[in-house]
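Here is the structure we will look at.
Derivation of every value follows stated rules applied to the coordinates shown; laboratory data play no part. This structure is a prediction, so every number in the text was calculated from the model and none was measured. For neighbour counting, all protein chains shown are included, and Cβ atoms are generated from backbone atoms with ideal geometry for every residue, glycine included.
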Amino acid sequence: MDSVQAAVATSPLDARPVEAYLRRLGVEYPAWPTADVLRELHLRHLRTVPFENLSVHLGEEIVLEERRLVEKVTTSGRGGFCYELNGAFGALLTALGFDVTLLACRVYDDEGRLGIPYDHLALLVRTVDAGSGWPTSGSGRTATTRSVSSTGGSRRIPAACSGSPRPVRTRPG
């Protein structure tokens with residue numbers, strides 16, 4: 001079993017929600033989890049699944065379980081905030097064979113002040129062709145794809161929720 005088959009075998013999503021998610025994005029099932037595929041999926045996600053927080057305002061229960069997040073995007077045709085969007089997108093990417101790590105983040109505000117811990121969820125995604133990136137779908141106006149580098153035992157990830165993206169250091173693990 002190669003690494004792609006192993007990732008798909010351990011994914012909590014079966015074929016039906018993955019196919020529904022890809023339909024929502026308007027793409028075919030990719031042959032390999034490459035950097036080009038990641039860029040295309042991320043761009044399609046940004047264009048078709050909105051950043052929104054209606055559930056908060058409507059008093060709806062928010063459950064950060066992968067299947068429920070994917071159902072919200074596919075069955076309900078909704079979007080969500082960073083934990084929902086990046087959680088769902090991370091589940092899709094894992095099911096497609098990408099190596100996905102969830103990262104708890106802090107973001108800078110427009111005045112350059114560092115926000116509260118766990119204020120944002122980002123993804124670190126590795127591809128079979130040695131690419132990596134942090135495609136964030138849940139940061140509103142500044143969502144973008146950028147690379148991730150590792151330095152020592154810390155990860156450097158851009159803050160992408162407000163103001164200009166800046167690196168934020170997080171502890172490993």
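Would you call Gly26 free of Cβ contacts under 8 Å to residues at least 60 places away in the same chain and either within 20 Å of Gly131 (Cβ to Cβ) or small (Gly, Ala, Ser) (or both)? Taking the combined requirement at face value, the residue satisfies it. Among the residues making up the stretch 80-112, those that are closer than 23 Å to Val56 by Cβ, without any contact (Cβ under 8 Å) to a residue 60 or more places away in the chain and charged (D, E, K, R) are Glu84, Asp109, Asp110.
On the phi < 0 side of the Ramachandran plot, surrounded by fewer than 23 Cβ atoms within 10 Å (Cβ to Cβ) and of a type in the set (Phe, Trp, Tyr) - does that describe any residue in the stretch 84-107? There is no residue in the stretch 84-107 that is on the phi < 0 side of the Ramachandran plot, surrounded by fewer than 23 Cβ atoms within 10 Å (Cβ to Cβ) and of a type in the set (Phe, Trp, Tyr).
When the residues of the stretch 78-101 are filtered to those that are outside any helix (DSSP H, G or I) and under 16 Å from Pro50 (Cα atoms), the one that is farthest from the chain's Cα centre (by Cα) is Arg78.
Here Gly115 clears all of (1) surrounded by fewer than 14 Cβ atoms within 10 Å (Cβ to Cβ); (2) over 25 Å from Asp129 (Cβ atoms) except the condition numbered (1). Note on the stretch 103-129: residues that are out of contact with any Asp or Glu (no Cβ under 6 Å at 6 or more places or on another chain), β-branched (Val, Ile, Thr) and more than 19 Å from Leu92 (Cβ to Cβ) amount to 1.
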